[in-house]
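S.K.: Attaching a single structure in structure tokens format; questions to follow.
A short reminder: the numbers here are calculations on the coordinates, not readings from a lab. Remember, predicted model here, so these are calculated numbers, not experimental data. Counting neighbours? That spans all protein chains shown, and the Cβs are built from the backbone with ideal geometry, glycine included.
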């Protein structure tokens with residue numbers, strides 16, 4: 001008699017496992033990522049918004065062909081990935097794109113990338129200690145970056161002076177914004193908490209809701225319908241369902257761009273409004289609201305600390321800086337709204353104020369001669385009624 005022999009499972013190899021999703025351009029890869037994937041990219045100085053997008057996609061590891069922190073400036077992306085528990089390796093070399101096949105299973109252990117039993121690329125494991133050390137070095141090199149920023153700001157102002165100074169080139173939306181508050185949502189670090197914090201403001205003030213790129217999906221996920229969606233031609237778009245529900249879809253294109261730049265949206269049955277500018281999508285949405293005379297602009301997912309400002313894409317530094325100068329006090333960070341806005345006046349507030357006023361009037365009248373006479377006349381009746389009520393209660397009790 002033959003007995004079935006149960007084979008022992010092979011011991012699992014150490015490290016993080018997952019299918020490789022490969023693209024040199026991170027923005028082009030985001031739409032193809034699924035939970036459990038390993039993102040293989042070539043992204044110098046990853047910013048925090050991109051890192052958050054990778055985290056939201058559910059990747060278990062990020063393999064970067066170049067350095068996560070080059071030392072030019074203190075970028076916040078690597079720190080965010082490490083905090084979220086994502087395995088990060090960098091300096092894997094551009095040869096990794098030739099050695100790995102998209103969708104092939106890979107394993108990352110101690111900074112080394114394997115495909116099956118084959119070593120694909122020795123890399124460097126990015127740890128929290130390494131990030132802190134390199135960020136400290138990067139902060140010492142900010143002087144050169146600020147000098148470059150000054151030059152870029154001058155160039156941006158030269159290109160966009162008509163837009164910044166006179167609002168020329170801003171498309172006219174069917175959504176009326178004049179005299180109304182506008183909330184502009186960017187799916188960036190902390191957007192969920194900020195959106196929850198302004199829920200009373202949104203419910204009571206009914207502002208115009210503007211979703212920037214995937215910020216439109218963020219609004220939909222929170223139970224809101226965006227009135228306006230602002231996207232950049234060629235970048236990842238929000239879901240088709242969200243785009244179709246919006247009253248206006250504004251697409252940023254380069255100056256003089258052909259009509260083909262908007263074909264992707266037109267194939268979805270959407271007639272977008274063209275906005276020719278070199279500003280970032282986020283800044284274009286702010287300038288749109290300002291040009292349409294919004295009474296107040298609340299920014300969700302927009303942060304103004306020096307580190308976060310410098311962490312933005314290099315081409316967008318001048319755009320962000322000059323846009324915020326343009327808007328001035330009209331722009332409020334969503335994190336500040338709960339501290340400034342306590343909600344609209346409700347009927348219970350009016351009733352409480354009325355009762356308090358009546359008590360105050362009664363107290364004032366009671367100390368006057370007329371008030372004392374009223375008290376003397378009312379007291380016997382009140383005393384008699386109270387005595388009768390007590391006697392009735394005693395008669396009921398056993």
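S.K.: How do 243, 286 rank when sorted from fewest to most other Cβ atoms within 10 Å of their own Cβ?
M.R.: Going from sparsest to densest Cβ surroundings: 243, 286.
S.K.: Also, quick follow-up: For a quick check: sort 117, 235 by the number of other beta carbons within 10 angstrom, fewest at the front.
M.R.: Values: 117 7, 235 15.
The order, fewest Cβ neighbours first, is 117, 235.
S.K.: Let me ask another. Largest first, please: the extent of the C-alpha atoms of the range 142-340 along each principal axis, to the nearest Å.
M.R.: Cα spread of the range 142-340 along its principal axes, largest to smallest: 45, 44, 28 Å.
S.K.: I would also like to ask the following. Would you mind calculating the gained length between residue 16 and residue 206 on full extension (0.36 nm times residue separation, minus the Cα-Cα distance), in nm to one decimal?
M.R.: Working it through step by step, the gained length comes to 63.8 nm.
S.K.: Taking 8 Å as the Cα distance limit and 6 or more residues as the minimum spacing, I'd like the relative contact order of the range 104-190 as a percentage. Mind dumping the intermediate values first?
M.R.: Numbers: 37 pairs, mean separation 9.1, N = 87.
This gives 11 percent for the range 104-190.
S.K.: Expressed in nm², what is the orientationally averaged projection area of the convex hull enclosing the Cα positions of the range 16-138? Don't jump to the answer; show the numbers that get you there.
M.R.: Values: hull surface 25.3 nm².
The directionally averaged projection comes out at 6.3 nm².
S.K.: Also, quick follow-up: If I model a spin label at residue 24 and residue 263 as a point 7 Å from the Cα along the Cα→Cβ vector, what separation in nanometres do I get?
M.R.: 2.3 nm
S.K.: Could I have the simple spin-label model distance between residue 239 and residue 162, label points 7 Å from Cα toward Cβ, reported in nm to one decimal?
M.R.: 3.9 nm
S.K.: Oh, and also: Take 24, 172 and order them by how many other Cβ atoms sit within 10 Å, fewest up front.
M.R.: Taking fewest neighbouring Cβ atoms as first place, the list is 172, 24.
S.K.: Right, next: Taking the Cα-to-Cβ direction at residue 99 and at residue 132 and moving 7 Å from each Cα, how far apart do the two end points lie in nm?
M.R.: Roughly 3.2 nm, to one decimal.
S.K.: Distance between Cα centroids, the range 56-121 to the range 167-233: provide it in whole Å.
M.R.: Answer, in whole Å: 34.
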